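Encoded as structure tokens, the structure appears first; notes follow it.
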Amino acid sequence: STMRERKTTDPLHSSTDLSEGKEKLRLKQEVGLISGVSLIAGTMIGSGIFMSPEWVLHHMGNPASSLLIWAACGLLAMFGALSYAELGTIIKESGGEYIYILRIFGPFPAFLFAYTSVILVRPAGLAAVCLSFAEYAIAPFYPGCSSPQVAIKCTAATCILILTIINCLNVRLATSVMNIFTAAKLLALLVIVVGGLVLLAKGQTQSFQNGFQGTTAGIGAVGVAFYQGLWSYDGWNNLNYVTEELKKPEVTLPRALMIAIPLVTCLYLLVNVSYLAAMTPSELLSSGAVAVTWGDKVLGSWAWLISLSVALSTFGSSNGTFFSGGRVCYIAAREGHMPGILSMAHVRCLTPSPALLFTSAMSLIMIISGSFTSIVNFFSFLAWLFYGMTISGLLYLKIKKPELPRSYKVPIIIPIIVLVAAVYLVLAPIIDQPQAEILYIVLFIFSGIIFYFPLVRFKYHPRFLERVTLHLQLLLEVAPTTKDAN
């Protein structure tokens with residue numbers, strides 16, 4: 001059937017066992033502490049720190065309060081990650097929010113999450129990162145003026161198509177690309193940090209004088225500033241998508257989070273200080289690409305290095321986002337919540353190519369129809385809506401099922417703080433500045449009901465869907481994966 005309940009492994013990390021006369025695919029626990037830290041930090045450090053500083057400053061009104069927002073975002077990401085660490089040691093399955101919502105609240109809310117995530121949230125995240133890659137990749141070709149939108153969108157679309165080919169062809173190639181580009185982004189950030197420290201040593205501190213003057217007080221503006229800041233920290237929950245592949249998950253998961261997130265937070269704060277040391281707040285606000293403007297001011301003729309480094313950084317992050325983006329789609333299909341074709345793997349490449357192709361197609365639609373800022377705000381609203389639901393699930397388990405075995409416990413005050421923050425981030429922009437787009441998003445989430453009851457609850461599978469699945473299998477050369485023997 002097109003949408004049937006199945007429990008399969010990820011063909012990306014599989015081993016074979018021929019002892020019973022047929023091939024079985026099993027998850028291999030290959031991700032250790034260093035790999036876990038790289039996965040979190042490598043996905044977190046993407047486009048946000050190079051794009052969002054001007055928008056955080058714009059919504060907050062001054063440098064000091066914008067730095068407070070960056071620090072608060074780091075703290076909130078840390079609290080959220082520690083809460084997820086406990087969930088990951090209770091429910092030791094891959095899939096992140098989807099699998100937690102499924103196991104705690106049941107199939108209906110899990111389906112709504114998967115439906116929204118696969119069609120909107122994940123493609124929106126990928127589109128935003130690729131748009132920022134495009135901004136920096138073509139900025140050197142338009143010196144002294146802003147790049148045309150057509151060129152930016154065409155470059156972003158090309159980026160998505162290249163990522164699709166890389167990820168569909170070879171898993172090892174995709175992971176190698178992510179490791180190489182992670183090194184490039186760390187180098188770019190360190191260059192900016194060192195440059196900023198040199199400027200501060202020379203006495204360029206005018207941006208920090210009267211730092212809190214003109215602070216914005218509106219709850220909606222602060223909420224949107226948080227959206228832009230938290231976008232830069234997105235990825236703090238990525239390790240929970242690969243729980244089944246962690247070596248000693250009960251130890252590796254919390255340790256990797258405690259190393260990666262404080263490291264990224266410190267880097268982000270130092271980079272923001274460097275931006276403000278090199279530019280006045282008004283210069284920063286008028287910059288289309290903050291890091292490029294910083295490079296022009298500080299590095300002079302070597303400024304092209306920053307554009308190159310940032311383009312490499314955002315490309316690497318978009319590869320990481322794309323790599324994990326198909327995972328929710330794939331796991332939801334294996335649980336029977338998405339069309340069966342999306343849980344299949346290429347017969348030779350052993351990559352979940354249907355899930356990756358679907359994510360790619362949705363991301364291209366996002367690029368055509370939206371801008372970086374609108375996509376980020378819309379992405380953040382949806383993401384924090386589901387983060388809040390997941391955290392409330394943890395609170396339910398802590399209060400109602402304290403007897404469940406867990407190797408790591410987070411103090412109950414931490415998930416409470418994250419839940420309050422999630423409620424604020426979801427409600428503040430609606431209360432302060434109601435927008436029709438938010439209503440459309442909520443309507444879209446509940447439009448999943450139309451598909452859930454006939455296709456999932458009552459398992460009605462139209463014959464034409466089965467024929468479409470068969471034709472797609474032949475066209476894409478994919479087949480169902482075997483059940484997980486574990």
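The values are calculated or read from the model by the stated rules, or taken from the named source; none is laboratory data. The structure displayed is predicted, hence computed values, not measured ones. All Cβ positions, glycine included, derive from the backbone under ideal geometry; neighbour counts span all protein chains shown. Just the protein is used for accessible areas: all its heavy atoms, side chains included, with ligands, DNA and RNA removed. Shrake-Rupley method; radii C 1.70, N 1.55, O 1.52, S 1.80 Å.
Before moving on, here are some points about what is shown:
- Among (1) farther than 22 Å from residue 344 by Cβ; (2) among the aromatic types (Phe, Trp, Tyr); (3) part of a loop (DSSP other than H, G, I, E, B), the one test that residue 387 misses: (3)
- Qualifying positions in region 23-78 - of a type in the set (Phe, Trp, Tyr) and either open to solvent by 10 Å² or more (accessible area, probe 1.4 Å) or at pLDDT below 80 (or both): 50, 55
- In region 136-152, the residues that are among the small types (Gly, Ala, Ser) and either open to solvent by 60 Å² or more (accessible area, probe 1.4 Å) or not in a loop (DSSP other than H, G, I, E, B) (or both): 137, 139, 144, 146, 151
- As a summary of the residue check, residue 370 satisfies the conditions (1) at pLDDT below 80; (2) within 30 Å of residue 473 (Cβ to Cβ) except for the one numbered (2).
- Subset of region 79-100 [open to solvent by less than 30 Å² (accessible area, probe 1.4 Å) and in contact with a Ser or Thr (Cβ under 6 Å, 6 or more places away or on another chain)]: 88, 89, 94, 97, 100
- In the condition set (1) in contact (Cβ under 8 Å) with a residue 60 or more places away in the chain; (2) on the phi < 0 side of the Ramachandran plot, residue 95 is compliant with all but (2).
- Scanning region 385-434 for residues that are modelled with pLDDT under 90 and touching a Pro at 6+ places or on another chain (Cβ under 6 Å) yields a single hit, 408.
- Residue match in region 348-356 (condition: closer than 26 Å to residue 132 by Cβ, in contact with a helix residue (DSSP H, G or I) (Cβ under 9 Å, 6 or more places away or on another chain), surrounded by fewer than 22 Cβ atoms within 10 Å (Cβ to Cβ) and of a type in the set (A, V, I, L, M)): no
- Residue within region 199-220 that is under 30 Å from residue 428 (Cα atoms) and under 27 Å from the mean Cα position of the chain (by Cα) present: yes
- Residue 142 being more than 30 Å from residue 247 (Cβ to Cβ) and in contact with a helix residue (DSSP H, G or I) (Cβ under 9 Å, 6 or more places away or on another chain): yes
- In the set (1) over 27 Å from residue 59 (Cβ atoms); (2) out of contact with any Pro (no Cβ under 7 Å at 6 or more places or on another chain); (3) part of a helix (DSSP H, G or I); (4) open to solvent by less than 40 Å² (accessible area, probe 1.4 Å), the condition left unmet by residue 359 is number (2).
- The helices (runs of 4 or more DSSP H) found wholly in region 242-344 and carrying at least 2 residues that are under 30 Å from residue 456 (Cβ atoms) and open to solvent by 10 Å² or more (accessible area, probe 1.4 Å) occupy 304-334.
- Single residue of region 281-292 satisfying the filter (under 26 Å from the mean Cα position of the chain (by Cα) and at pLDDT 80 or above) that is nearest to residue 185 (Cα to Cα): 290
- Residue within region 265-286 that is under 28 Å from residue 95 (Cα atoms) and among the β-branched types (Val, Ile, Thr) present: yes
- Count - residues of region 224-241 that are part of a loop (DSSP other than H, G, I, E, B) and touching an Asp or Glu at 6+ places or on another chain (Cβ under 9 Å): 1
- Subset of region 135-173 [in contact with a Ser or Thr (Cβ under 8 Å, 6 or more places away or on another chain), touching a residue at least 24 places away in the same chain (Cβ under 8 Å) and more than 19 Å from residue 124 (Cβ to Cβ)]: 136, 137, 139, 140, 168, 169, 170, 171
- Flag if residue 431 is loosely packed, with under 13 Cβ neighbours inside 10 Å and within 16 Å of residue 339 (Cβ to Cβ): no
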